[in-house]
Every structure is written in C-alpha cells, then in structure tokens.
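The values are calculated or read from the model by the stated rules, or taken from the named source; none is laboratory data. Quick caveat: nothing in here was measured; it's all calculated off a predicted structure. With ideal geometry, Cβ positions are generated from the backbone for all residues, glycine too; neighbour counts draw on all protein chains shown.
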Amino acid sequence: MSESNIIKQTYQLGQSIWLDFIDRKLVQSGELKKLIEEDGLRGMTSNPAIFEKAISGGDQYTEQIRALSGGRTSGEGGGEIGGGLTDEEIFYSLAIDDIRAAADLFKSVYEEKVKGADGYVSLEVSPRLARDKTGTVNQGISLWGRVDRKNVMIKVPGTAEGLPAIRHLIGEGLNINVTLLFGLERYRQVIEAYISGLEDRVSAGEPLDGIASVASFFLSRIDVLLEPVLKEKGLQELKGKPAIALAKQAYQIYKKAFSGDRWKVLADKGARPQRLLWASTSSKDPSFPDTVYVDALIGKDTVDTVPMETFHAFLDHGHVAETLESNLPEADQVLDKLSRNGIDMNGVAQRLENEGIEKFIQPYDQLLKAIEGKRAIAAAKS
C-alpha cells in the first residue's frame, strides 16, 4: 500500500482507525502485522460476540481447550465438575493469549514518538457484570494483571453501575475503554467518572502519565432503532441522521470537557484526554454507503473502530475529509426536531444500553456452551 492510503490520510487528520475484530488466525498468520505495517491500522477492539465467533467457528482453539480442561467436563452454567478450570476461566485464558499476542504486534505503534497515542488492544469484562460495580472492578483488575501489557485497555460498559467502577479502575491506573454509550447524558457522566478517577490518583500521590481511555459511542444501532419510529411520525427525511448528529454533539461536549481550568490541572500533570471512539460503524441499511459512518465523523483526536468488512471498504472507496465539525447547525436541528416530535433520546439510549447488554450476554453464554462441548469431547477421548 502507498504511504498515502486512505487509512493513513485519515490518521494525518487526527483520527486513528482501529479494527473491531480478533481471532487467532488473524494474529498468527501475519495478516494483522500486515494491516499494521502496510495499511496503517492503529489499534484493535474485541467483545464477547467477536470471541464467540472466533472460538465456536473452528478448531483453532480446540487443543488449548483440551489442555486447559484436563479432560474434565463442566456443569450447568459454566461450573466445574471434579475440579479444573471453569468454562469462563478457560475462555479468559484463550482470550488473554490472543490479546497479549495482538498487543505485542501493536507495540511499535504504542511506542511511537508520541508514546501511548495508539497501539491499544481491548479486552472486555464479562457482560454478566454490566450491572455489578464490585464484580467489574475485581475482574477488571484481575484481567489487567494477567494480560500484563501497557498497551491493553479493559472494556467496561458505561452503565449506571459501571460509572463508579470506571472511576475506581482509572484511579487504580488501568487503561479503560468505556463501551455501550448511546446518549449524551451518559457520555457526560462517563467524562466525569474519568476525570474524577484521575483526580483520585492525584490525591493519592500517584502519577497520571501512561493512563489512556476511550469512550465508545455506538452509532448504527441508534439509527436502526429509530427508523420505524421516524416512519411512523412522518419524519423519513431524518432517516440515517440521528446517530451522526449525536456523535457531532458528543464531540462538542468532549472539546469543552477537556479544556478549561479543571482539566488544565490534570493535563499539567501528564493526563491525556479520554478520546471519543466511534463504534458500531458498519452500515445496516443497504440504501446507505457502507462507509457512511466512517466518512461522516473524521475529526481530530478521535478513534473509529471498524469491522473487517468496513475496514476494507473504507480503504477501497472511503472519503477522507474533516467532517466531524461540518454542518453542526444541521446536527442541532436534527436533534431538536426529534425532541419536538416526542422522541426522547435519553430514553432511546437507555433502551439501547439494555438491549446491548443482552446482545453481548447471549453470545457470551453461547461461547461458554461451545467450550463446554469441546471439553466434553476432550473428556471422551481421554
């Protein structure tokens, strides 16, 4: 690829493209190395659904599952029978190996001139802990210690219960990727949790340098949920616009939060702003371009994490321009029109958060069942 490919051009405008995908074949085959070194990939995210497809979809993990299971089978709900690791413990052993290997490939990106600007790989706490502050904190600290890589982020859902967990984990010095954000009010609360966590570290006499965080704002799910509502209310002209409008307003919130006197105190001590990350960026509507969300939200100091198909589509025919702060009055008008027509975007965000948790729990449970099945096969052969 040319030095001026679209991914690298986007980075020159201040936005980093990350990949929302991981599996062992990608990491071990040399393909991920190529994406980093030739195509300009800057980081990677994962979630339970991604790992479920990776582990359930083939035999690349079978031998390790057999070795970790020790020939033992698990009980209902991922428990254990006769000792050995639980299905969940086996999953995180598999995932941590992949995350470490990917993080090592991104080390050169992480250690560039502006150290820690990019090169991160994200690993999520169990989706079953989305409403459990204490459980999230405990597992987050455990995973951070086990992965043992400075360029890893622990993903924590930005639920009401997740907010104090985020503050606590930032205070402990972890890198945090706040996930499942759909609304502006919750985004403001996430910023507060991040800044407060940094302030907690200052109060404890701990350093701020090296801590990184992103706030992952999910896009396409907003437009998918609203499409029938807009049709019912005769607002079809707004189809495909609410998510982009919300993202543009979120960026204005970001710019205001990470400036001013309160932030300057932390910045002077080495703190970095918590970048906005655009997630759920694949177009779900065939009437829109497959790069619609990537093209529309390119801006300074942001991240866009894309599935493999969208990565290649953007590389092939994306449009590179500073679009994140273009047409801001139109974005305001879109959200104002939604409000005037009785569409409560905070209510929409809460519904999407609830659905998002379930959409991660389902593949997570399927993943544990797949591991249970592979363990049973291993036990039968032993």
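In the stretch 316-342, the residues that are within 29 Å of residue 9 (Cβ to Cβ) and polar (S, T, N, Q) reach residues that are at pLDDT 95 or above and part of a loop (DSSP other than H, G, I, E, B) with C-beta atoms within less than 8 angstrom, at least six apart or across chains, in these pairs: 323/297; 323/298; 323/299. When the test is whether a residue is polar (S, T, N, Q), out of contact with any Phe, Trp or Tyr (no Cβ under 8 Å at 6 or more places or on another chain) and on the phi > 0 side of the Ramachandran plot, residue 327 passes it. From the list 102, 95, 67, the lone residue that is part of a helix (DSSP H, G or I), surrounded by fewer than 14 Cβ atoms within 10 Å (Cβ to Cβ) and either among the aliphatic types (A, V, I, L, M) or at pLDDT 90 or above (or both) is 67.
If you go through the stretch 203-212 one residue at a time, do you hit one that is of a type in the set (S, T, N, Q) and surrounded by 17 or more Cβ atoms within 10 Å (Cβ to Cβ)? The answer is no; no qualifying residue exists.
Quick one: is residue 287 part of a loop (DSSP other than H, G, I, E, B), small (Gly, Ala, Ser) and within 18 Å of the chain's Cα centre (by Cα)? Before you say what the answer is, go through the steps one by one.
Numbers: part of a loop (DSSP other than H, G, I, E, B): yes; small (Gly, Ala, Ser): yes; within 18 Å of the chain's Cα centre (by Cα): no.
Taking the combined requirement at face value, the residue does not satisfy it.
Of all helices (runs of 4 or more DSSP H) completely enclosed by the stretch 292-382, which ones contain at least 3 residues that are surrounded by fewer than 17 Cβ atoms within 10 Å (Cβ to Cβ), small (Gly, Ala, Ser) and out of contact with any helix residue (DSSP H, G or I) (no Cβ under 7 Å at 6 or more places or on another chain)?
On the way: elements: 292-296, 308-317, 328-340, 345-381.
Counting at least 3 such residues, we get 345-381.
Within the stretch 264-294, the residues that satisfy the criterion of being of a type in the set (Gly, Ala, Ser) and within 24 Å of residue 50 (Cα to Cα) are 279, 280, 282, 283. Report whether or not residue 50 is crowded, with 24+ Cβ neighbours inside 10 Å, at pLDDT below 95 and outside any loop (DSSP other than H, G, I, E, B). Criteria not met by residue 50.
When the stretch 212-250 is filtered for residues that are under 17 Å from residue 346 (Cα atoms) and charged (D, E, K, R), the ones remaining, listed by number, are 221, 223, 227, 241, 248.
Among the criteria (1) in contact (Cβ under 8 Å) with a residue 12 or more places away in the chain; (2) aliphatic (A, V, I, L, M); (3) in contact with a Phe, Trp or Tyr (Cβ under 9 Å, 6 or more places away or on another chain); (4) under 23 Å from residue 119 (Cα atoms), the one residue 267 does not fulfil is (1). Listed conditions (1) free of Cβ contacts under 8 Å to residues at least 40 places away in the same chain; (2) within 23 Å of the chain's Cα centre (by Cα); (3) over 22 Å from residue 221 (Cβ atoms) are all met by residue 257, apart from (1). Is one or more of the residues making up the stretch 187-203 of a type in the set (Ser, Thr, Tyr), closer than 30 Å to residue 346 by Cβ and more than 19 Å from the chain's Cα centre (by Cα)? Looking through the stretch 187-203, at least one residue is of a type in the set (Ser, Thr, Tyr), closer than 30 Å to residue 346 by Cβ and more than 19 Å from the chain's Cα centre (by Cα).
In the stretch 146-163, of all residues being surrounded by fewer than 22 Cβ atoms within 10 Å (Cβ to Cβ) and not in a loop (DSSP other than H, G, I, E, B), the one that is farthest from the chain's Cα centre (by Cα) corresponds to 146.
Filtering the stretch 164-188 to residues that are crowded, with 16+ Cβ neighbours inside 10 Å and over 26 Å from residue 119 (Cβ atoms) leaves 164, 182, 183, 184, 186.
Output the residue which, of all residues in the stretch 26-58 that are under 21 Å from the mean Cα position of the chain (by Cα) and basic (Lys, Arg), is farthest from residue 302 (Cα to Cα). Only one residue tops the list, namely 53.
Scan 55, 22, 17 and give me the residue that is in a helix (DSSP H, G or I), touching a residue at least 12 places away in the same chain (Cβ under 8 Å) and β-branched (Val, Ile, Thr). After ruling out the rest, the residue left standing is 55.
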